[in-house]
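The values are calculated or read from the model by the stated rules, or taken from the named source; none is laboratory data. Computed from a predicted structure; not experimentally measured. Note that we place each Cβ from the backbone using ideal geometry, even for glycine, and neighbour counts take in every protein chain shown. In case anyone asks, the SASA skips ligands and DNA or RNA and just uses the protein heavy atoms, side chains included. Shrake-Rupley method; radii C 1.70, N 1.55, O 1.52, S 1.80 Å.
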Amino acid sequence: MDWVKTALSVGTTIGKIAGMLQGNDSGLIHFGPTGSGVNPAIGQAVFFLDKTGQCWVGNQGETQLGISFPSGRGELPPPNTYVINPYTKYPITSAFNVYAQGEQDHFVITPLEVPSPSGARMSPHATVQAQAANVPAGVEFSLGPYITVKVNASDRTILVTILGGLALLGIVLLNINGAGDTVARLTNIGLPGDQNGGTKSMTVPIPAGVEVSRGLQFIDITVAIQDFETLLKDFPHENADLLEPLSEEDRQRILAYTEA
């Protein structure tokens with residue numbers, strides 16, 4: 001599947017962004033795919049500080065960009081995806097503060113439309129990340145508003161289900177911690193060929209050596225999903241007062257950026 005071959009999601013942390021910006025003379029850092037946009041030599045997502053110290057995330061590419069936060073501890077703040085239109089910027093300082101206060105430092109940066117190797121465009125898709133501790137075996141367990149998991153200890157599988165009218169394209173990343181120090185990390189798990197148009201659920205075998213008779217101590221999952229069009233339309237509309245076009249100064253700053 002093309003999305004597996006070109007899985008371009010990038011995970012990072014609020015602390016890493018803050019540290020890199022403070023230690024970077026250019027005041028700009030970048031993530032994600034290169035090859036298009038204002039400066040094709042650097043990533044699509046750019047983070048930079050303005051003169052007041054406000055942190056902005058800019059999309060210097062040609063497709064929409066998603067900045068996805070899992071929920072904080074205790075499910076608050078709730079998970080959210082910030083959709084940044086091409087050639088626009090969004091003030092991300094407030095979101096960083098809210099999720100940091102909720103003890104959630106991680107987030108995922110994802111292009112929401114990915115060119116396939118042939119150059120054709122895929123249907124818009126996005127990633128959703130979620131995590132939880134103390135997941136019991138044998139019951140459907142909610143990981144926020146979009147994902148549930150069910151750990152089946154007897155046949156050693158995890159059933160992953162997508163909610164909210166979305167379609168599951170596959171699993172980009174799955175980290176699990178069973179009893180003690182038994183852990184596993186799985187990446188780029190595609191659906192069977194007869195389901196590669198998307199489905200609601202998929203079953204993932206648990207690797208040997210991971211003890212799950214009483215469930216999981218921890219799970220961290222990032223799924224690729226389709227049918228996210230509502231979110232892609234609603235967030236820019238609802239946040240039109242905060243999304244701004246990249247200014248000429250922004251463009252010149254992005255264009256002039258070179259690696260140290």
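Which residue, of A95, A120, A130, A137, is over 16 Å from E62 (Cβ atoms), at pLDDT below 80, out of contact with any helix residue (DSSP H, G or I) (no Cβ under 8 Å at 6 or more places or on another chain) and of a type in the set (G, A, S)?
None of the other options fit; the residue is A130.
In the range 51-71, what residues are open to solvent by 10 Å² or more (accessible area, probe 1.4 Å) and either in a loop (DSSP other than H, G, I, E, B) or over 14 Å from L28 (Cβ atoms) (or both)?
K51, T52, G53, Q54, E62, T63, Q64, S71, listed by residue number.
Checking the structure you have, find out if any residue of the range 235-246 is part of a loop (DSSP other than H, G, I, E, B), more than 29 Å from N59 (Cβ to Cβ) and at pLDDT below 95.
no
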